[in-house]
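Chemist: Structure below; questions to follow.
The values are calculated or read from the model by the stated rules, or taken from the named source; none is laboratory data. Keep in mind that what you see is a predicted model, and the values were worked out from it rather than measured. Note: ideal-geometry Cβ built from the backbone for every residue, glycine included; neighbour counts use all protein chains shown.
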Amino acid sequence: MNRLTATGSPADAIVERRLTAVAVIVVAVWMLLLTRLFYLQVVQGDVYRISAERNSVRTQRVDAPRGVITDRNGEVLVGSRPSFDVLVVPHETEDVPTTLSRIAGLTGRDLETVRTSYGDPRGRSRFQPQRVAHDLDRDALARVEGRLWALGGVLTQVTPVRGYRYGDSAAHLLGWLGEVGADQLARKEFQSYRRGDIIGVGGIEKLLDTDLRGRPGGRNLLVDAHGRELQLLSAVDPEPGRNVVLTIDHRLQEAAEAALSRDHKSGAVVALDPRTGEILALVSHPAFDPNEFAIGVDPERWRELTSDPFRPLMNRALQGQYPPGSTYKVVTAIGGLEEKLIGAHSEVTCGGWFRLGRRTYRCWRPGGHGVVDLHTAIVQSCDVFFYKLGVDLGVDRLAYYARELGLGARTGIDLSGEMSGLVPTKEWKEHRDGTPWVEGDTVSLSIGQGMNLWTPLQLATAYAAIVNGGIRYRPHVLKRIEEPDGRIVHGVDAEVLGELPFSPQTLAAVRSGLVGVVNEPHGTGSVMKNLPGGVLAGGKTGTAQVVALPQGARADLEDVEHQDRDHAWFVTFAPADEPRIVVSVLVEHGGHGGSAAAPIARDVVTRFLQDEMDLYAGNRP
Amino acid sequence: MPGIDRRLIQNFEWPIFVMGLAVALIGIVNLISASPERSAFLPDTAWRQLVWMGLGLALLLATLLLDYRTLERIAVPFYGGVILLLVAVLFIGRIVNGSQRWIDLGPMNLQPSELSKLALIILFARLLARRSATSPIGLLDLVFPAVLVAIPAALIVKQPDLGTALVLCVVSASFLAVTRVRIGSILLIVAGGVAAVTIAWLFFLHDYQKERVFTFMNPERDPLGAAYHAIQSQIAVGSGGLFGKGFLHGSQSQLDFLPEEQTDFVFSVLGEEWGFVGTATVLVLYLGILIRGLMIAHSSKDLFGAYLAVGIVSLFFWAGAINVGMVIGVLPVVGVPLPMLSYGGSALLTCMVALGLLMNVSMRRYIF
């Protein structure tokens with residue numbers, strides 16, 4: 001027998017003694033647990049039985065008011081408005097189907113929708129009120145309130161819902177709300193969210209959700225079997241969300257939206273302050289009304305939005321990528337000057353065509369521009385001048401200058417989903433197509449046709465850097481985040497991304513050309529003349545081919561199907577000497593830049609200057 | 001080693017086997033009550049648990065064939081393997097409710113933190129059994145074991161699973177109760193524990209875990225959170241009375257007033273539906289297993305077997321006491337499941353293998 005007790009070593013003896021002590025402790029703890037259970041279940045059993053039968057504690061969650069979003073002048077863009085809801089408590093409702101159909105009758109809602117909102121009661125608390133009708137108008141509310149005495153288990157409730165004050169204005173930028181998804185709940189970064197929580201889905205609502213949402217509170221109520229609240233047991237107040245101030249100027253935003261939607265089906269406008277990178281207006285048309293999402297979007301409406309060929313959910317200002325057309329010519333011009341291939345007064349004769357090998361490339365103006373220097377070539381948008389210069393530079397040097405201007409890469413704006421555009425190189429084309437780059441590609445490229453792709457935002461930031469003296473700022477829409485009491489949590493300052501490595505003379509020459517585009521005879525941007533207060537502007541038109549038409553056969557707009565028409569670009573800055581605003585406009589399939597896009601830019605700049613003057617005169621509303 | 005020794009059958013450890021099986025079966029029946037779905041005769045969770053139980057039973061009987069002393073040899077590789085799994089789970093683990101605890105094995109999920117309990121018990125039994133028998137244990141002797149606990153505990157806190165890490169620490173510390181340790185050493189260990197808690201608080205704990213501690217100190221703080229769970233749980237248990245409301249008739253559990261009713265608060269479902277008779281029965285069965293386990297430790301033929309039995313008893317003791325204490329409102333809500341009753345395959349499997357090891361030690365006390 002080699003039993004533990006029989007070995008007789010001191011260690012074993014200790015283990016043996018200790019085991020007895022351990023057994024005593026174990027029994028003692030278990031007696032404690034049993035005593036407590038006896039007390040809970042047998043002595044106090046009746047008390048607890050009553051509180052369980054009286055169906056006890058109902059927990060109500062009190063949502064935190066979501067933060068307000070305002071524009072740079074304190075104009076509220078997104079706030080809250082009251083929604084009147086009807087709720088049903090299953091446990092207190094004798095005949096649920098009848099009750100639901102009576103609610104449908106009183107509210108004028110579709111019975112099927114009411115049933116769907118009620119859902120499947122299995123697997124959820126019978127005491128938890130379930131919302132069956134949302135956002136009633138006052139008449140419907142009055143009808144329900146008047147019948148409440150006859151509807152057991154039905155209650156009405158006022159809840160704040162998100163209100164987008166200006167409907168579809170700045171919809172892409174502001175974003176919208178939805179219920180947090182099951183896939184999100186499974187991820188660690190969403191662990192503070194619970195099922196049924198509301199979360200920002202797009203734009204600022206999504207980006208700053210953690211700031212805007214605040215922290216929910218709750219109330220524990222003692223309720224009787226009829227759902228009457230007997231006593232408030234405990235409550236924690238919700239912490240309201242933080243408020244967000246944007247750099248957007250709502251008046252400018254509306255002016256841009258009105259101008260763009262007047263005559264055109266789709267397009268984008270970006271207005272920014274070239275001295276800071278602050279975005280003043282960011283428009284994508286067509287848009288949608290985020291209010292529709294705030295109360296839960298109707299599936300049919302959602303299908304309609306997602307299958308619309310004009311893609312209203314897409315934010316064209318930063319996600320739409322288009323060939324830049326003649327707005328590209330500044331890249332070719334800067335490259336030519338910096339590489340000293342031309343001087344400010346080097347002249348080229350434009351006879352209306354440019355020959356490379358056996359192919360002929362035409363200038364947009366039949367008959368040509370005659371003898372032109374760089375300035376005139378920009379003013380009149382002469383193609384031949386830039387064909388020649390582009391071929392001399394070559395694709396890879398053009399790509400270098402485009403990249404330095406921030407093209408072909410995300411601008412780093414504080415919104416998600418931005419596209420990077422495209423700046424082609426030899427290597428890129430060989431990699432993509434397997435065919436080598438040919439000089440003919442360079443010819444199209446140097447006037448902005450062909451493979452280049454820019455977003456309207458990139459166009460605005462690139463021109464802002466050219467006209468502000470060569471500083472590239474990160475574009476941003478967030479100005480600051482404030483606590484509900486107004487204390488600033490986070491303020492956004494102008495962030496310099498870099499400086500253009502170009503000589504001041506180069507930038508001055510290009511800028512002078514751009515001012516000429518608006519103000520000189522034969523300039524393509526004359527729409528921008530005669531601004532309020534005699535302010536001079538500069539700018540550049542662009543017309544991006546969507547379908548290559550036979551050379552020289554520039555068809556009249558009416559003859560071309562909408563989707564085959566050229567995209568119209570215009571980019572402008574004002575005042576010419578020390579710009580305070582840069583506006584880029586893209587009209588999809590709008591035709592010619594000078595006639596389709598420039599008038600929109602003019603409206604925006606006019607509104608901007610008018611507001612400035614009103615502000616100085618002190619008669620701003 | 002003979003395949004099946006006749007003496008093994010003669011000395012079959014019936015008490016542990018019967019009591020363990022009884023608790024496991026009560027657990028399955030109770031899970032039917034705790035499942036939210038009512039459509040099938042056997043809800044999904046109860047059905048899965050039954051499969052795990054069958055698997056556990058097979059494994060339990062299989063371990064009986066093996067001499068437990070073999071475990072002494074595999075203690076180190078087993079521990080190492082579990083650590084690797086714990087590291088792996090942080091990278092490839094499945095996330096449920098914000099915690100990354102499970103490795104996806106197709107139809108089933110493995111929870112390595114459950115295996116780590118067994119690995120540590122075996123490793124410590126080996127360490128203690130090999131020590132020189134007479135010299136008392138000083139503080140320096142405890143540094144190495146402390147590191148052995150700290151590695152898996154830190155990995156588990158990171159998942160995060162505070163409850164399991166806590167059980168791991170107290171079970172390991174319990175080995176001190178059956179060794180010769182100087183009083184000074186114990187004081188220093190307490191100091192070390194305080195330091196460890198501070199470090200965990202500063203670097204490892206998630207906000208919701210800190211919130212739970214605050215809530216226990218001040219239940220008014222969060223009416224929707226842990227305190228609410230504790231109140232609802234007490235109402236459920238208390239309203240069960242002496243005989244309970246009957247199978248599937250508990251209003252608190254059937255009406256979803258109870259949180260985590262399949263895992264951490266499964267005992268309150270039992271209390272509501274079966275009353276004091278039910279809870280006392282389970283607790284007495286538990287106590288039977290604990291006392292019988294200590295008797296097995298006492299009669300073990302070698303120190304390794306004794307320590308192994310002590311470790312297993314300690315595991316059941318702490319998990320049981322913490323869970324029941326939490327359910328009846330005498331301990332904070334820390335999220336420790338109840339052995340054999342809470343839903344969780346890896347946990348049930350670990351428990352049954354642990355019971356198998358107890359039986360193993362018992363049945364080989366006459367064989368040498």
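Chemist: Does A:Asp211 fit the bill of being assigned to a helix (DSSP H, G or I) and within 13 Å of another protein chain (Cβ to nearest Cβ)?
Modeler: When the stated conditions are applied, A:Asp211 does not pass them.
Chemist: For segment A:306-339, which positions are closer than 30 Å to A:Phe293 by Cα and part of a helix (DSSP H, G or I)?
Modeler: Result: A:Thr306, A:Ser307, A:Arg316, A:Ala317, A:Leu318, A:Gln319.
Chemist: Also, quick follow-up: Out of the strands (runs of 3 or more DSSP E) lying entirely within segment A:465-527, which hold 2 or more residues that are crowded, with 18+ Cβ neighbours inside 10 Å?
Modeler: A:471-473, A:478-482
Chemist: Sticking with this structure for a sec: Can you tell me which of A:Ile103, A:Ile199 is more than 14 Å from chain B (Cβ to nearest Cβ), modelled with pLDDT of 85 or more and touching a Phe, Trp or Tyr at 6+ places or on another chain (Cβ under 7 Å)?
Modeler: Only one candidate qualifies: A:Ile199.
Chemist: Do the conditions hold for B:Ala280, that is, is it within 10 Å of another protein chain (Cβ to nearest Cβ), of a type in the set (A, V, I, L, M, F, W, C) and surrounded by 24 or more Cβ atoms within 10 Å (Cβ to Cβ)?
Modeler: Here the answer is no, as B:Ala280 does not meet what is asked.
Chemist: Follow-up question, since we're still on this one. Can you pull out the residues in segment A:287-321 that are buried (at least 24 other Cβ atoms within 10 Å of the Cβ) and not charged (D, E, K, R)?
Modeler: A:Pro290, A:Asn315, A:Ala317, A:Leu318
Chemist: Check whether at least one residue in segment A:454-469 is assigned by TED's automatic domain parsing to the domain that holds A:Cys382 and farther than 25 Å from A:Ser503 by Cα, and report yes or no.
Modeler: yes
Chemist: Follow-up question, since we're still on this one. Condition check: under 18 Å from A:Thr425 (Cβ atoms), of a type in the set (Asp, Glu) and either in contact with a helix residue (DSSP H, G or I) (Cβ under 7 Å, 6 or more places away or on another chain) or not in a helix (DSSP H, G or I) (or both). Does A:Asp392 satisfy that?
Modeler: When the stated conditions are applied, A:Asp392 does not pass them.
Chemist: Every residue in segment A:340-378 that is in a helix (DSSP H, G or I) and within 19 Å of A:Leu445 (Cα to Cα), please.
Modeler: A:Leu374, A:Ala377, A:Ile378
Yes/no per residue for (1) touching a residue at least 12 places away in the same chain (Cβ under 8 Å); (2) within 21 Å of A:Leu305 (Cβ to Cβ); (3) surrounded by 14 or more Cβ atoms within 10 Å (Cβ to Cβ):
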{"residue": "A:Val144", "(1), (2), (3)": "yes, no, yes"}
{"residue": "A:Val158", "(1), (2), (3)": "yes, no, no"}
{"residue": "A:Glu189", "(1), (2), (3)": "no, no, no"}
{"residue": "A:Gly202", "(1), (2), (3)": "yes, yes, yes"}
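Chemist: Please state which of the following conditions B:Leu287 fails to meet, knowing it meets all the rest: (1) modelled with pLDDT under 95; (2) within 7 Å of chain A (Cβ to nearest Cβ); (3) farther than 16 Å from B:Val170 by Cβ.
Modeler: B:Leu287 satisfies all of (1) modelled with pLDDT under 95; (2) within 7 Å of chain A (Cβ to nearest Cβ); (3) farther than 16 Å from B:Val170 by Cβ except (1).
Chemist: Buried (at least 17 other Cβ atoms within 10 Å of the Cβ), in a helix (DSSP H, G or I) and in contact with a Lys or Arg (Cβ under 9 Å, 6 or more places away or on another chain), is that true of A:Ala462?
Modeler: So A:Ala462 passes the test.
Here's the yes/no breakdown for (1) in contact with a strand residue (DSSP E or B) (Cβ under 6 Å, 6 or more places away or on another chain); (2) at pLDDT 75 or above; (3) buried (at least 18 other Cβ atoms within 10 Å of the Cβ):
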| position | (1), (2), (3) |
| --- | --- |
| A:Arg49 | no, yes, yes |
| A:Arg54 | no, no, no |
| A:Arg61 | yes, no, no |
| A:Arg66 | no, yes, yes |
| A:Thr70 | yes, yes, yes |
| A:Gly74 | no, yes, no |
| A:Ser80 | yes, yes, no |
| A:Phe84 | yes, yes, yes |
| A:Val88 | yes, yes, yes |
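Chemist: From (1) farther than 30 Å from A:Lys206 by Cα; (2) modelled with pLDDT of 85 or more, pick out the condition that doesn't hold for A:Asp95.
Modeler: All conditions are met except number (2).
Chemist: Continuing with the same structure: Quick one: in segment B:318-334, which of the residues that are in a helix (DSSP H, G or I) and without any contact (Cβ under 8 Å) to a residue 40 or more places away in the chain is farthest from the other protein chains (Cβ to nearest Cβ)?
Modeler: The residue in question is B:Gly320.
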